[in-house]
Amino acid sequence: MSTIINSIPAKLFDKFRDQKLIVRLNDVGEYRKYLQTDDLNDVVAVQLRSSDFEVDEIQNIGGNVPVDIVMDHPSVQFPQLYRFAKLTDTRPVRVSIHVRSGFKNAVKLALALRFDVKLEVGQPGPALIDEMAEVLEIYLHRSTVTHRIEYFHSIFMGFFHGDTSNLWSIQEDDPEKFCYVTDEGVEGISQRFGRTNPEDILRAVSNQETNTEQIEKSECDTCQYLACCGGYFKWPEKEYDCTGVKSLFETIEKASAELKSDLKAFAVSQGEMPE
C-alpha cells in the first residue's frame with residue numbers, strides 16, 4: 001500500500017479505497033451517499049469543507065475517524081464551531097483555519113472547545129503577521145491552552161528536542177507524502193501552490209538543506225531557519241519578504257530555549273542531574 005495520503009472528494013471514495021485517505025465532504029448529502037459504510041479503516045480524516053453541518057448528521061461517521069473542520073472565512077464562520085462541541089466525546093477534532101484578517105477569534109474558540117488547530121497560512125503580510133504573533137503568544141503562554149496550534153507546536157517541539165522539523169510535512173504540503181485530488185479526479189499538489197510546477201516543489205522539498213536553484217538564494221541560503229522551513233514561505237511568490245515569519249520562528253526558538261533552561265534549573269533544585 002502506498003504511504004502517500006490522498007486528499008479526495010467523497011465521490012471518489014470507491015476509486016481510492018484501500019489507500020490512505022483524507023475524504024472531503026461539502027455537505028451531508030455526500031456523506032449519506034458515499035460514506036455510510038463501516039469500511040473506513042484507511043480513512044485518516046474526514047474533512048468538512050463547510051461549517052453548516054449539524055453534529056447529529058456526522059456523529060455516526062464510522063468508528064472514531066478524526067474530523068477536520070475547514071474554515072475559509074474564520075472571522076464570520078467561527079460561531080458555528082459551537083455546534084461541533086459534542087464531537088470530541090467520540091473522536092479527535094481539528095479546525096483548519098485560513099489565516100485571514102480576524103482569524104484569531106476562531107483559534108480562541110476552537111481551543112476553548114478542546115479542538116486542535118492547524119493554521120492554513122500562505123504568505124502573510126504585516127497585519128497578519130501581527131495577528132499570528134498574538135496567536136503564538138496564546139499558544140506559548142496561556143495556561144488554559146491544552147491543544148495544539150500547528151505549525152507552532154511541531155516547530156516548538158523540534159527546537160526543544162533538537163530535531164529538524166519539516167514545515168512542508170507539518171502543513172501537509174509535502175508532495176512526497178500528500179497528494180491532492182481535485183473534484184475532477186486530477187492528482188496534483190496542494191492547492192496552496194496554484195499553477196506551480198509540481199516538479200519544482202518536489203525539488204524544493206528534497207533539497208531544502210541547500211535550495212541552490214529553486215529558492216530565493218539571497219534570503220533562504222543565509223536564513224538560520226532554513227533547516228525547518230525549507231523555503232516553505234517562498235512559494236508561490238519567490239519574492240516574498242520573510243522578515244515577519246522569521247520573527248515568529250525566533251519567538252518559538254527563544255521560548256523552547258527558555259523551557260529547557262527552566263527544566264534544567266528545576267532538576268538542579270531537586271538534586272537531580274540535568275540531561
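Coordinate-derived values only; no laboratory data. Predicted model, so just to flag it, every value in this text is computed and none were measured. A quick note on method: Cβ atoms are made from the backbone with ideal geometry, for glycine too, and the neighbour counts reach across all protein chains shown.
Over 22 Å apart at the Cα level, from the set K86/K108; K11/K234; K118/K234; K104/K177, are K11/K234; K104/K177. Taking every DSSP beta bridge that has both ends in region 5-193, the antiparallel portion is near 5%.
Adding -39500 (n - 2.57) for every DSSP H run of four residues or longer, then dividing by how many residues the chain holds, sets the calculated 222 nm ellipticity at -9500 deg cm²/dmol. Extending 7 Å from Cα along the Cβ direction at T90 and again at K260 yields two label points whose distance is 4.4 nm.
Direction-averaged projected area, Cα convex hull, region 30-103: 4.8 nm², rounded to one decimal. Ignoring lysines fewer than eight residues from K254 along the same chain, the ones with Cα atoms less than 17 angstrom from its Cα are K246, K264. Taking the charge dipole of region 5-193 about its Cα centre, with +1 at Lys and Arg Cβ atoms and -1 at Asp and Glu Cβ atoms, the residue from W168, G102, V23 reaching farthest to the positive side is G102. Length gained on full extension, D27 to V186: 55.1 nm, using 0.36 nm per residue less the C-alpha separation. Given R₀ = 41 Å, FRET efficiency for Q224-R114 by Cβ-Cβ distance, to 0.05? Once rounded, the FRET efficiency stands at 0.75. Sorting H141, H153, H73 from the fewest to the most surrounding beta carbons within 10 angstrom yields H141, H73, H153.
Using Cβ point charges alone (K and R +1, D and E -1), the dipole size of the chain about the Cα centre works out to roughly 560 debye. Seen from all directions on average, the chain presents a Cα convex hull projection of 16.2 nm².
Select from K15, K177, K246 the residue whose mean-square fluctuation is largest in a Gaussian network model of the chain (Cα-Cα springs shorter than 10 Å). Fluctuation is largest for K15. Gap in Å between the Cα centre of region 46-84 and the Cα centre of region 123-161? For region 123-161 versus region 46-84, the Cα centre distance is 23 Å.
For a straight C-alpha distance cut-off of 14 angstrom, the aspartates and glutamates reachable from K15 (same-chain residues fewer than eight places away being disregarded) are D39, D42, D183, E184, E187. For the pair S101 and S269, the difference between a 0.36 nm per residue extended length and the Cα-Cα distance amounts to 56.0 nm. Compute the Cα gyration tensor for region 134-191, then decide on rounded, prolate or oblate, letting a ≥ b ≥ c be the square roots of its eigenvalues: rounded whenever a/c is under 1.5, prolate when a/b is larger than b/c in the other cases, and oblate in all that remain. Oblate is the answer for region 134-191, as a/c is 1.5 or above yet b/c matches or exceeds a/b. Considering only K86, K264, K234, the Gaussian network model of the chain with Cα springs below 10 Å gives its largest mean-square fluctuation to K264.
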